[in-house]
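Chemist: This is the structure I want to talk about, given as structure tokens.
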Amino acid sequence: MQNTSHKTCHRIADLLVSRGVRYAVVSPGSRNAPLLIALSREERINKVVVVDERSAGFVALGISRATRQAVAVVCTSGTAVLNLAPAVAEAYYQQCPLLVITADRPQAWIDQNDSQTMRQDGVFANFVKKSYSLPSIIEDAEQSWYVNRILNEAYIEATSGARRPVHINIHISEPTCSLCDDAESGFKVIERAATSEMIGKDQAHALASRIATTQRVMVVCGFMPSDQQLNQMLCALSQRENVTVVAEHLSGVEGERIINCVDTVFSAIPDAQGADYAPQLLIYMGGAPVSRIEKEFLRSHAYRAEQWRVGLDENIIDTMQGITMQVHAEPKHFLEAVLAENLTPNHSQYAQMWHRLHQEAMASALQFAQQQPWSDFKAMQALMQSLPSNIVLHLSNGLTVRYAQLFRRAQGVEYCCNRGVSGIDGSTSTALGAAIAGDKPVLLITGDMSFAYDVNGLASQYNSSKLKIVVMCNDGGGIFRFIKGPSNLPELEQYFEVNRKVEVEKYAKAFGFEYFEAADEQQLSHSLQMLVECDNPAILAVKTPNEINADVLRNFYNRTK
């Protein structure tokens, strides 16, 4: 069968196949025609066509999260490339291995006042592990050797160690749609032998001894892919009377002695007893914590403690501003080594004190909730208590992900959110990607501003009954009524909150979604059931009064004061 005469593009398709990359998200264009030809003629790759490049990047991110594999995202030249930037940055901080493949004009034409001749080489330099620039036409044996080596290096770089995006920029000359009869691209696989990330016996004993002999040890887990083995080891560690494990919902960590509902618990710490709850040894792993209260507490109290950061970080991560040791290992390898030492910890009341606090905090939260009027708080509580099991829950940034962490973690539900950079863009597209590639239904709970910002995520031929969306309609920008600073400014309503009514029903109709709505608890219970049982892609608009939402949330954080 004929294929593109641009051999580098053909080799990229062969690279993906040989490395087991199952998905390529592609956007239409003319300069990337050789890439589209090569991919379209390779049946072993699933092609997902998304017109809007910003949405395409987040769809690729969602697919990568769902499959936990590398995903290619391909676009044409010019500003199309720049539209990938938000998703590339998010993937970098989420440690998702995207292969970002962009078409470019010939090198000689860059900056020559011709169509789309902007500078693309290295355009994502701050948000990828490495950038590569290649010609599309292979003219001799040395160039063939070079292209083959670089393509292998790019894949290995993306998928080894801290898994992150790489950028391959292909300079494509005309004619872009030329074909040739030679079906072989000449691609050859270069393997990299596995390297050990295990902790040595002596170091494992030293780390385990320090944990065992410390009276107050706290393990903090930020966002991570769900991992049953890691979960089991953290549950085992949490059985020790001198250890408390604090895990945000996005960490995927759950268990009887795991402290979830982080904001609910930390907001209940008595002001005069903060030092008693502070750890002497803080071990933290995973991505950026959502909880501002947790971070403020640890920064104000734990800076005197030993602090270990565990992970395959490329630089020193010091979120709590007091790091004393960087443990360069995957969290489960670290825990496996420490638990294998099986050292008996000193007697301590630390875990018991935290679990007593946890019980009191959850009781006070329940009592508080029973007294509240219809609001975002009340709606999110009802949603979190009614989540179907065996789903993937996607949450947009802003207040939505913060509200979700106030309530008990739903068993069997995987929580996801773009907390790498915590941007408002891309929530819907990321959820769509997860629905395309994952084997579970996906429920997205998003704010009305996040929903409107990524409405192109609905303009997809891949919408299915696996994707359901709940939009919190509070007339936009509710977070600015709550956070310090904007809430006290006269510009709040015009420049921050914007007071915009998003016409969710019209969007649903335009993109072929079933539509439901709720404006009180009874309607929400009925409409949520209809949403879940609907055989089509569907959207539920939950309408709340923005005038009281911030007050209710603020009162929640002050409920025990």
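Every number in this text was worked out from the coordinates using simple rules, so none of it is lab data. Being a predicted model, the structure only gives us computed values, none of them experimental. Positions of Cβ are backbone-derived with ideal geometry, glycine not excepted, and every protein chain shown enters the neighbour counts.
Chemist: Please report the antiparallel percentage of the DSSP beta bridges confined to the chain, to the nearest 5.
Modeler: 5 percent
Chemist: For the stretch 364-419, with equal point scatterers placed on the C-alpha atoms only and solvent neglected, what are the log10 I(q)/I(0) values from the Debye formula at q = 0.12, 0.13, 0.19, 0.27 1/Å, to two decimals?
Modeler: Once normalised to I(0) and log-transformed, intensities are -0.28, -0.33, -0.68, -1.18.
Chemist: Quick one: which of Lys295/Lys543; Lys130/Lys201; Lys468/Lys506; Lys7/Lys130; Lys501/Lys561 span more than 25 angstrom between C-alpha atoms?
Modeler: Lys295/Lys543; Lys130/Lys201; Lys501/Lys561
Chemist: For Val532 and His347, compute 0.36 nm times the residue count separating them, minus their Cα-Cα distance, and round to one decimal in nm.
Modeler: Contour length minus Cα-Cα distance gives 61.7 nm.
Chemist: Can you tell me the 0 to 90 degree angle between the C-alpha axis of helix 53-67 and the longest principal axis of the chain, rounded to 10?
Modeler: On a 0 to 90 degree scale, this one is about 70.
Chemist: For the stretch 201-355, what is the convex hull volume of the alpha-carbon atoms per residue, in Å³?
Modeler: Hull volume over Cα atoms, normalised by residue count, gives 100 Å³.
Chemist: Show the residues, 5+ positions off or on another chain, whose built amide H is closer than 5 Å to the amide H of Phe511.
Modeler: The list, which skips near neighbours in sequence, is empty: none.
Chemist: List the GluC sites (Glu not before Pro) in the stretch 272-339 that DSSP assigns to loop (not H, G, I, E or B) and whose Cβ has at most 11 other Cβ atoms within 10 Å. Which are they?
Modeler: In loop regions of the stretch 272-339 (DSSP not H, G, I, E or B), the sparsely surrounded GluC sites (Glu not before Pro) are Glu314.
Chemist: For the chain, what does -39500 (n - 2.57) per DSSP helix run (n ≥ 4), summed and divided by total residues, give at 222 nm, in deg cm²/dmol to the nearest 500?
Modeler: It lands at -11000 deg cm²/dmol.
Chemist: For the stretch 3-180, what size does the Cα cloud have along each of its three principal axes, sorted from largest down, in whole Å?
Modeler: 37, 34, 28
Chemist: Suppose R0 equals 51 Å. What FRET efficiency, 1/(1 + (r/R0)^6) with r the Cβ-Cβ distance, do Glu296 and Ile190 give to the nearest 0.05?
Modeler: The computed FRET efficiency comes out at 0.60.
Chemist: Could you give the nm distance between label points at Glu314 and Glu256, where each point is 7 Å from its Cα heading toward the beta carbon?
Modeler: For Glu314 paired with Glu256, the spin-label model returns 4.3 nm.
Chemist: Can you divide the C-alpha Rg of the stretch 328-389 by 2.2 N^0.38 Å and report the result to two decimal places?
Modeler: For the stretch 328-389, the normalised Cα radius of gyration comes out at 1.83.
Chemist: While we're looking at this one, here's another question. Could you tell me the ratio Rg/Rh of the chain? Both radii from Cα atoms, Rh via Kirkwood.
Modeler: Taking Rh as the inverse mean 1/r over Cα pairs, Rg/Rh reads 1.00.
Chemist: Roughly what angle does helix 331-340 make with the longest principal axis of the chain, taking Cα atoms, 0 to 90 degrees, to the nearest 10?
Modeler: 50 degrees
Chemist: Also: Over the alpha-carbon set of the stretch 372-557, work out the extent along each principal axis and list the three values in angstrom, largest first.
Modeler: Largest to smallest, the principal-axis extents are 46, 32, 31 Å.
Chemist: Could you pull the Cα extents of the stretch 317-434 along its three principal axes, largest to smallest, in whole Å?
Modeler: 50, 38, 32
Chemist: Could you calculate the FRET efficiency of Trp145 with Glu174 from 1/(1 + (r/R0)^6), where r is the beta carbon distance between them and R0 is 25 Å, rounded to 0.05?
Modeler: Computed FRET efficiency for Trp145 and Glu174: 0.50.
Chemist: Something else now. I'd like the per residue volume of the convex hull spanned by the Cα atoms of the stretch 272-366, given in cubic angstrom.
Modeler: 135 Å³
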